[in-house]
1. Among the residues of segment 98-149, what is the count of those that are on the phi > 0 side of the Ramachandran plot and in contact with a Lys or Arg (Cβ under 6 Å, 6 or more places away or on another chain)?
2. Quick check: is even one residue across segment 29-39 surrounded by 18 or more Cβ atoms within 10 Å (Cβ to Cβ) and within 19 Å of residue 140 (Cβ to Cβ)?
3. Just one of the numbered conditions (1) aliphatic (A, V, I, L, M); (2) farther than 25 Å from residue 231 by Cα; (3) outside any strand (DSSP E or B) is not true of residue 77; which one?
4. Does any residue of segment 174-188 turn out to be assigned to a helix (DSSP H, G or I), surrounded by 18 or more Cβ atoms within 10 Å (Cβ to Cβ) and modelled with pLDDT under 90?
5. As an exercise: evaluate residue 49 against (1) over 30 Å from residue 185 (Cα atoms); (2) surrounded by fewer than 21 Cβ atoms within 10 Å (Cβ to Cβ); (3) in contact (Cβ under 8 Å) with a residue 60 or more places away in the chain and give the number of the one condition it does not meet.
6. Filter segment 194-211 down to residues that are in a helix (DSSP H, G or I) and without any contact (Cβ under 8 Å) to a residue 40 or more places away in the chain and give me whichever is surrounded by the most Cβ atoms within 10 Å (Cβ to Cβ).
7. When segment 265-294 is examined, which residues are found to be polar (S, T, N, Q), touching a residue at least 24 places away in the same chain (Cβ under 8 Å) and closer than 24 Å to residue 37 by Cα?
8. Which of the residues spanning segment 1-59 are in a strand (DSSP E or B), farther than 26 Å from residue 84 by Cβ and modelled with pLDDT of 95 or more?
Amino acid sequence: MASQASDDILVDDMAYLEHGGVPLLLRLYRPRGAGPFPLLAEVHGGAWCRGSRLDEDLLNRALARRGIVVAALDFRMPPQAAYPASLADIHHGVRWLKARAVSWGCDPDRLGLMGLSSGAHQAILTAMRPHDPRYAALALEGGEGIDARAAFAVLCWPVIDPLGRYRYAREWEASGKPYPETISRVLPDHLKFWGDEDAMAEGSPVRALERGEAVATPPVLYLQGDQDVVHPRAQLERFVQGYRQAGGALTLRWFEGEAEGFVNKKPDAPSTARAIDEIARFAHAHSGTAVAAP
């Protein structure tokens, strides 16, 4: 499909899956050269209901310039389909990427998942439940022996507890106190995607840990601004505690003075440069590769 090139990276759009004859696309960002390179499957945000593979274009180009292959996935969203359809698409995308990783100079066994906000929620849920039959429901032709296990995950301000965030937003809206416009916008999106609170609880990484669910715990890099009121800090703290107690290694990075989405909203800020460097170092460290100069 469409291909772009610059002096330092290659960018291609390609179909990785079809539903009813309609293709789902991913955008692949590749450094030039033979590798070896880390491989990141990137899941965009948008409260599960909005956005596309193009949303993190600047971030993904910056990571490709640091020697990382990034695949930004489109997936089904409401009104086309609700939970768990997007998780099935992402799971299939991970396996599709692993099947082709060697041709891009990547090790399929070291693929990582990355997401922002609701995309980070879906990234870590995929990483924690790589063998969930609902998520693994879409067969990969010729890929019967390939699974969706992730070697690591990068979480940028995830909606780490969908039920908790939904109730938090409802309480804030009902309080009559001033609140960010985002709070009102995300409430209907929660219901469009999840349908009800039971589903929000079932698909909550925090609550899965607190229920004692047997989950995979690959190494995690967790990034969040200390002024982020859209992704409550108390829910972050519960996840960090639960993930570490379950045996997972988790690196938490706070960004002073930053709110949600700062990487996209403030591309030239020092905090954004630091976040990109943190992600690049983490991906290379867990892929056994060397960080490239941007």
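1. Step one: filter segment 98-149 for residues on the phi > 0 side of the Ramachandran plot, giving 105, 117, 142.
With the extra rule that they be in contact with a Lys or Arg (Cβ under 6 Å, 6 or more places away or on another chain), the set shrinks to none.
Within segment 98-149, residues that are on the phi > 0 side of the Ramachandran plot and in contact with a Lys or Arg (Cβ under 6 Å, 6 or more places away or on another chain) number 0.
2. Checking segment 29-39: at least one residue is surrounded by 18 or more Cβ atoms within 10 Å (Cβ to Cβ) and within 19 Å of residue 140 (Cβ to Cβ).
3. All conditions are met except number (2).
4. To start, the set of residues in segment 174-188 that are assigned to a helix (DSSP H, G or I) comprises 174-175, 181-188.
Now drop any that are not surrounded by 18 or more Cβ atoms within 10 Å (Cβ to Cβ), which leaves 186.
Keeping just the survivors that are modelled with pLDDT under 90 gives 186.
Checked segment 174-188: at least one residue is assigned to a helix (DSSP H, G or I), surrounded by 18 or more Cβ atoms within 10 Å (Cβ to Cβ) and modelled with pLDDT under 90.
5. Status for residue 49: all satisfied but (1).
6. 200
7. 287, 289
8. Of everything in segment 1-59, those that are in a strand (DSSP E or B), farther than 26 Å from residue 84 by Cβ and modelled with pLDDT of 95 or more turn out to be 9, 10, 11, 12, 29, 30, 31, 37.
The values are calculated or read from the model by the stated rules, or taken from the named source; none is laboratory data. All figures in this text were calculated on a predicted structure; none of them were measured in a lab. Positions of Cβ are generated from backbone atoms using ideal geometry, with glycine treated the same way; all protein chains shown enter the neighbour counts.
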